[in-house]
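The values are calculated or read from the model by the stated rules, or taken from the named source; none is laboratory data. If you're wondering where the values come from, they're calculated on a predicted model, not measured in any experiment. Here Cβ is always computed from backbone atoms with ideal geometry, including for glycine, and neighbour counts include all displayed protein chains.
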Amino acid sequence: MNGLAARPLEGRTALVTGASRRLGRAIAERLHSAGARLALHAHSDAAGLKAAERALSGPAGPAVSFTADLRDARAAEELVEKAWRALDGLDLLVNNVGVFEHTPWRTLDAGAFDRAMAVNARPVFLLSLAAGRRMKERGRGAIVNVACASGLKPWGGYVPYSASKATVVSLTQGFAKAFAPEVRVNAVAPGPVLAPEAMDQAQREAVATTTLLKRWGEPSDVAEAVLLLATQPWLTGVVLPIDGGRTA
């Protein structure tokens, strides 16, 4: 494998939201290993964000990091502006920030719906609009959103979460049309990859049985799919399930 194939993002820049831990950190690490120079975002995890910034600086240049509450429209626009300025442009935006809340029907209320939409869907709209406009005017760019398998087939105990991720699916396909042909917009739709911290072993095993492959995936599986969508020039409007066949 030649160097270009091994580092397909050499000389490129990327902004990853929710990058201080868990799935966002794994995605950022994979983009870094592919050669990208990174702008990293977290809402309030300043310590984790600084640790990621130190770890993901390298030959491509130093990573930069920013905290922001992406529920706020101005904060989202400022994040794109700061990242664009710090990296001298953005080639890739990865919308990963989100919350995952179990909402049984007996306790389900409007607040749960509002929280899910505000954190999981609204930032995707705001950041995609701000970055996509700049990319389209410049003539190139890519956006990869982190949706969820539940956005394709809703989960009964996670109705607001599933609805917010279905909105991410719609935004992906809508912005793919709006920003074409200069900007490609795709999404990954992970299934069981990272268990909630409160989930016990029996629950993990039960979830594994819902997949065709009868096991959990890894954050690296999702990160590889993000890299594929970020670099494959003939893909746009794609929502790619990374779920061990659970959606099927």
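Considering only residues that are among the aromatic types (F, W, Y) and closer than 18 Å to L90 by Cα, which ones fall in segment 144-181? Across segment 144-181, the qualifying residues are F175, F179.
With respect to the conditions (1) more than 20 Å from L127 (Cβ to Cβ); (2) touching a residue at least 40 places away in the same chain (Cβ under 8 Å), A73 falls short on a single one, namely (1).
For the structure I just gave you, tell me whether R54 is in contact (Cβ under 8 Å) with a residue 60 or more places away in the chain and basic (K, R). When the stated conditions are applied, R54 does not pass them. None of E78, E101 is in a helix (DSSP H, G or I) and either surrounded by fewer than 19 Cβ atoms within 10 Å (Cβ to Cβ) or without any contact (Cβ under 8 Å) to a residue 60 or more places away in the chain (or both) except E78.
Summed over segment 167-181, residues that are surrounded by fewer than 18 Cβ atoms within 10 Å (Cβ to Cβ) and either among the aromatic types (F, W, Y) or assigned to a loop (DSSP other than H, G, I, E, B) (or both) total 2.
Mind checking which residues of segment 81-95 are of a type in the set (A, V, I, L, M) and assigned to a helix (DSSP H, G or I)? If the condition is that a residue be of a type in the set (A, V, I, L, M) and assigned to a helix (DSSP H, G or I), then A83, A86, L87 are the ones that fit. Of everything listed in (1) within 21 Å of P154 (Cβ to Cβ); (2) without any contact (Cβ under 8 Å) to a residue 12 or more places away in the chain, the single unmet condition for E205 is (1).
With the condition kept exactly as written, say whether any residue in segment 146-158 is more than 20 Å from V238 (Cα to Cα), hydrophobic (A, V, I, L, M, F, W, C) and outside any helix (DSSP H, G or I). Yes, segment 146-158 contains a residue that is more than 20 Å from V238 (Cα to Cα), hydrophobic (A, V, I, L, M, F, W, C) and outside any helix (DSSP H, G or I). If we keep just the residues of segment 1-56 that are basic (K, R) and outside any helix (DSSP H, G or I), which is surrounded by the fewest Cβ atoms within 10 Å (Cβ to Cβ)? Of everything passing the filter in segment 1-56, R21 is surrounded by the fewest Cβ atoms within 10 Å (Cβ to Cβ).
Among the residues of segment 59-74, is any assigned to a helix (DSSP H, G or I), among the basic types (K, R) and either under 19 Å from the mean Cα position of the chain (by Cα) or closer than 23 Å to A225 by Cα (or both)? No, there is no match, as no residue in segment 59-74 is assigned to a helix (DSSP H, G or I), among the basic types (K, R) and either under 19 Å from the mean Cα position of the chain (by Cα) or closer than 23 Å to A225 by Cα (or both). If you go through segment 128-159 and keep only what is buried (at least 22 other Cβ atoms within 10 Å of the Cβ), touching a residue at least 24 places away in the same chain (Cβ under 8 Å) and either touching a Ser or Thr at 6+ places or on another chain (Cβ under 7 Å) or under 28 Å from L212 (Cβ atoms) (or both), you end up with I143, V144, N145, V146, A147, C148, A149, G151. Scanning segment 182-204 for residues that are over 27 Å from L92 (Cα atoms), modelled with pLDDT of 95 or more and assigned to a loop (DSSP other than H, G, I, E, B) turns up nothing.
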